[in-house]
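The values are calculated or read from the model by the stated rules, or taken from the named source; none is laboratory data. Just so we're clear, the structure is a prediction, and the values are computed from it rather than from any experiment. We place every Cβ from the backbone using ideal geometry, glycine too, and count neighbours over all the protein chains shown. Only protein heavy atoms, including side chains, enter the accessible area calculation; ligands, DNA and RNA are left aside. Shrake-Rupley method; radii C 1.70, N 1.55, O 1.52, S 1.80 Å.
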Amino acid sequence: VQLQASGGGLVKPGGSLRLSCRSSATVRDMGWYRQAPGPVREAIAITTGSGAIHYTDSVKGRFTISRDDAKNMVYLQMSSLKPDDTAVYYCWAGNLIRGDNYWGQGTQVTVSS
């Protein structure tokens, strides 16, 4: 499975960005992680094949994850962006039950005035 992410960039605080990710194959679960400078990669939004959606607390109410299974796409609409949202964002796909994990290349999101 190959994942191709796009949509990062530079945005001012309070602005919006939309990330997109295409999977080369059908996958059960999809989502987005981010990694600020440092070793920790944080799961921020996950959508599962059963229809469940999970957000980390810091993005609830500001970010919205969605998917289009017909196109094998997952999106992350980010609003009210803050400087703390600055990170490399990674598309993830896999199967949370089986433990499969696939990663896309990172896309940089920078929130700065």
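Within the range 44-52, none of the residues are out of contact with any Leu (no Cβ under 8 Å at 6 or more places or on another chain), part of a helix (DSSP H, G or I) and touching a residue at least 24 places away in the same chain (Cβ under 8 Å).
Of all residues in the range 56-73, which are open to solvent by 40 Å² or more (accessible area, probe 1.4 Å) and either in contact with an Asp or Glu (Cβ under 7 Å, 6 or more places away or on another chain) or among the charged types (D, E, K, R) (or both)? Result: Asp57, Lys60, Arg67, Asp68, Asp69, Lys71.
Of the residues making up the range 28-55, those that are more than 11 Å from the chain's Cα centre (by Cα) and open to solvent by less than 20 Å² (accessible area, probe 1.4 Å) are Asp29, Thr48. Count of the range 74-92 residues, restricted to those that are touching a Cys at 6+ places or on another chain (Cβ under 8 Å) and either open to solvent by 20 Å² or more (accessible area, probe 1.4 Å) or closer than 13 Å to Thr48 by Cα (or both), is 2. Only one of the numbered conditions (1) in contact (Cβ under 8 Å) with a residue 12 or more places away in the chain; (2) part of a strand (DSSP E or B) is violated by Asn101, and that is (1). Look at (1) open to solvent by less than 40 Å² (accessible area, probe 1.4 Å); (2) within 19 Å of Ala70 (Cβ to Cβ); (3) assigned to a loop (DSSP other than H, G, I, E, B) and you find that Gly15 fails only one, number (2).
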